[in-house]
Amino acid sequence: MTKANEDVKNSTIALGERIRGGVQKALRKLAEESAAKGESLVVKIDGEIKEVPAKELLATLP
């Protein structure tokens, strides 16, 4: 692999990690705000669509 190809691969990985981190941060914020209001969120768990209290979901997030 050439140096240029390696740089592109590394920058793509870094971008993917930043996107994943941003999505995780947004999901945590959604869960926190919903939990503060006593709301539930609809999630897919083991292939099933379920309504889960945000406080319970928040406890499972990293």
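FYI, it's all coordinate maths here, none of it is from the lab. From a predicted model like this one, the values you see are computed outputs, not experimental measurements. Reconstructed Cβ throughout: ideal geometry from the backbone, glycine too, with neighbour counts over all protein chains shown.
At what distance in nm do the modelled label points of Val43 and Ala14 sit from each other, each positioned 7 Å from its Cα along Cα→Cβ?
3.2
Using Cα atoms only, what is the angle between the long axis of helix 3-36 and the major principal axis of the chain, expressed in degrees (0 to 90) to the nearest 10?
10
Charges at C-beta only: +1 for Lys and Arg, -1 for Asp and Glu. How large is the resulting dipole of the chain about its Cα centre, in Debye rounded to 20?
Taking the Cα centre of the chain as origin, the dipole is about 220 debye.
Below 8 Å, C-alpha to C-alpha, sequence gap of six or more: please give me the relative contact order for the chain in percent.
25
Match the structure shown to one of the listed values (1) 12.7; (2) 16.6; (3) 13.8 of Kirkwood radius over Cα pairs in Å, computed from it, and give that label.
From the options (1) 12.7; (2) 16.6; (3) 13.8, the structure gives (3).
Using helices alone, I'd like the mean residue ellipticity at 222 nm for the chain: each DSSP H run of four-plus residues gives -39500 (n - 2.57), total over residue count, nearest 500.
After summing the helix terms and dividing by the residues of the chain, the value is -23000 deg cm²/dmol.
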